[in-house]
Amino acid sequence: MDPTEAATQSPEAQRPQTQSTKAQDVAIRARGLSRRFGSHLALDGLDLDIPARATFGLLGANGAGKTTFIRLCTGFLLPSAGSVEVQGVSPCVDPAAVQRKLGFVMETSRLYPELKVEGFLRFCGGARDLAGAELRSAVQGVIERFHLEPVARRLIGNLSKGYQQRVSLAQAFIHDPPLVIVDEPTGGLDPVQKHEVQQLLRSLQGERTVLLCTHDLHEAETLTSRVAILNAGRLVAEGKTSEVLGRGDALSLFESNRRNPS
Amino acid sequence: MALVRKDLASLFGAPTAYLALTMIALVTALIFFDHLRQYNLMLFLVTTNTMGGFDFGTIPETINLWDRVFSPVMDSLGLMLVGAIPLITMRVFAEERVRGTDELLITTHLTPTRIVLAKFTVTYAFVALMMAVSFVYPMAAIEQGGVGIEHLAAVFMGLLLLAWGVASIGLVCSAFTSSQLVAAVSGWAVAFVLWDFSWANAFVSDEIARFLEALALYPRFAAFSEGIVSLANLVYFAALALVALSLARFSFDLRRVGA
């Protein structure tokens, strides 16, 4: 059997086991999740369980459907078909409840360059209904945790990309969420900045669920315990990181459907 | 409130806001003093021609401070607002989309309704400040000229409601696009189309003409300029704001389903 076909079939083979997973052990559950943009099917009938308190890697080439999946999880988009639950709540039904439980670090640092770091973090805390001493403590907490003390009073627009990414991480953790979604956290960073951000992500392992979306295989190998690979909106592999990425043909999982688009 | 504070900080943290306030004060002062100069000149010519000297008893009733200065200045100011306000509102939602920060706002637990309300509040507040700045010169001078404070208050209310009405149109246009240029141009187009429909009277039936006039901005504003504060005009501007708020809120839903 062609290795790509085998990999494509593996999620199907795993489904009975996946469906039997207890609800409290699952941070994100997608069933038949599809999303269409006009004639383009960005996500095609995705079935996926992301276990709680694990660092889970969502891999795929550009345009594979990773960001669409994230946007469906955050409630920013509605699915065309199927369902998704985040911490047991549907973002389609109650997006506010989902957003209370998650932190989101976007693909590129989408911040307000005209604001100072501290002011921006105060805004993010305030938007999450933190106030007074609780807000001050939360802002101070993330500033210390993400080593932002030297730049706390500087304008975000004047910071290096590495610091901007730390600010982006800090805003996602300000309300201490049980689930954090991190989309391409090291894209566009130099090797030193990349290493620093990866170190920060490593320090989060085990304490909460982290969904890490990346197309960097090395990053996924070093930071995640389980991975799923998307290709052209479909799940083509899912399992322990060492098993999925340890296979000799791992790269073919990223390319197979590109050559033969269906 | 967090978003209101953040947007105010962003607005007044950049020179654009101060530039806009300075420009509006400057242009209003220029228009006002030019009309005042013309009025003084007219006054001088009339009195010297008829009497050979200054005798205010001979000045025709039509040459007065209200008709010759204040009223045309308010008309110019109203039209100027239609041109200037879409330049202020164009960035409000469109810039968030271009930067991708609209997604950040949504995922920080701010609902679309809270986002829209905050954006409208900040824009309305800035426009009110702009109006206050532009109104200072005419008000101070005209109050000295014997126009009642009640009348001036009605004019200011009309000007403010017109500005908020144009801002509402501009905000809706900004909510439906990620291009600031498209937001500004569509804001101008809608505001100018809604400005006055009297040109259409010759082409349509009386019923349609009345309907179009009911939709137009200028006749409402003109009533306030004459010192008339009517409930119908207040309801008109309130309805305009409500429709704009609902449409801006709807733009978020539209984006969620990916239209």
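Please treat every number below as a calculation from the coordinates, not as lab data. The shown structure was predicted, so the numbers you read here are calculated from the model rather than taken from an experiment. Cβ sites come from the backbone with ideal geometry, for glycine too, and all protein chains shown count toward neighbours.
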Quiz item: Can you work out ³J(HN,Hα) from phi for every residue in the range A:66-71, in order, using Karplus 6.51 cos²θ - 1.76 cosθ + 1.60 and θ = phi - 60°, giving whole Hz and x for Gly and Pro?
Solution: 5, 5, 4, 4, 4, 5
Exercise. Please report, in whole Å, how far the alpha carbons of the range B:153-240 spread along each principal axis, starting with the longest.
Key: 38, 37, 17
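Let a ≥ b ≥ c be the square roots of the eigenvalues of the Cα gyration tensor of the range B:113-259; is it rounded (a/c under 1.5), or, if not, prolate (a/b larger than b/c) or oblate?
oblate
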Quiz item: Counting pairs of alpha carbon atoms under 8 Å apart in space and at least six apart in sequence, what relative contact order in percent does chain B give?
Solution: 24 percent
Quiz prompt | Förster-model FRET efficiency, 30 Å R0, A:Arg36 and A:Ser252, C-beta, rounded to 0.05 | solution = 0.65
Exercise. Let me know the charge dipole size of the range A:3-259 about its Cα centre in debye, to the nearest 20, where only the beta-carbon of Lys, Arg (+1) and Asp, Glu (-1) is charged.
Key: 420 debye
Exercise. For A:Phe37, enumerate residues with amide H under 5 Å from its amide H, sequence gap 5+ or separate chain, H modeled in the peptide plane.
Key: A:Ala42
Exercise. State the antiparallel share, in %, of DSSP beta bridges confined to the protein assembly as shown, rounding to the nearest 5.
Key: 55 percent
Self-check item: Neighbour-count ranking [beta-carbon atoms within 10 angstrom, fewest first] of A:Glu219, A:Glu114
Solution: A:Glu114, A:Glu219
Self-check item: Convex hull volume per residue in cubic angstrom - Cα atoms of chain B
Solution: 155 Å³
Quiz item: Which is farthest toward the positive dipole end of chain A among A:His147, A:Ala96, A:Gly60, measuring Cα position about the Cα centre, with Cβ charges +1 (Lys, Arg) and -1 (Asp, Glu)?
Solution: A:Ala96
Exercise. Can you tell me the FRET efficiency between B:Val185 and B:Arg37 if r is taken as the Cβ-Cβ distance and R0 is 30 Å, rounded to the nearest 0.05?
Key: 0.30
Quiz item: What ranking do B:Phe197, B:Phe211 get, fewest neighbouring Cβ atoms within 10 angstrom at the top?
Solution: B:Phe211, B:Phe197
Quiz item: Relative contact order for the range A:3-259: what is it in percent, counting Cα pairs under 8 Å that are at least 6 residues apart?
Solution: 27 percent
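Give me the dipole magnitude in Debye, nearest 20, for the protein assembly as shown about the Cα centre, with unit charges on the beta carbon: positive for Lys and Arg, negative for Asp and Glu.
Here the protein assembly as shown has a charge dipole of around 1180 debye.
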Quiz item: Which angle between 0 and 90 degrees, to the nearest 10, do you get for helix B:15-51 versus the longest principal axis of chain B when only C-alpha atoms count?
Solution: 20 degrees
Quiz item: Roughly speaking, what % of Cα-Cα pairs in the range A:3-259 are separated by over 27 Å, rounded to a whole number?
Solution: 36 percent
Quiz item: Per residue, what volume in Å³ does the Cα convex hull of the protein assembly as shown take up?
Solution: 192 Å³
Self-check item: Helix A:117-127 vs. chain A, principal-axis angle (Cα, 0 to 90°, nearest 10)
Solution: 70 degrees
Exercise. Could you state the angle between the C-alpha long axis of helix B:112-144 and the longest principal axis of the C-alpha atoms of chain B, as a value from 0 to 90 degrees rounded to the nearest 10?
Key: 10 degrees
Quiz item: Between rounded, prolate and oblate, where does the range A:97-208 land on the alpha carbon gyration tensor, with a ≥ b ≥ c its root eigenvalues, rounded for a/c under 1.5, else prolate if a/b exceeds b/c?
Solution: oblate
Quiz item: If each residue's Cβ is checked for other Cβ atoms within 10 Å, how do A:Arg145, A:Arg234 rank with the fewest at the top?
Solution: A:Arg145, A:Arg234
Quiz item: What relative contact order, as a whole-number percentage, does the range A:193-247 give when Cα pairs under 8 Å and 6 or more residues apart are counted?
Solution: 24 percent
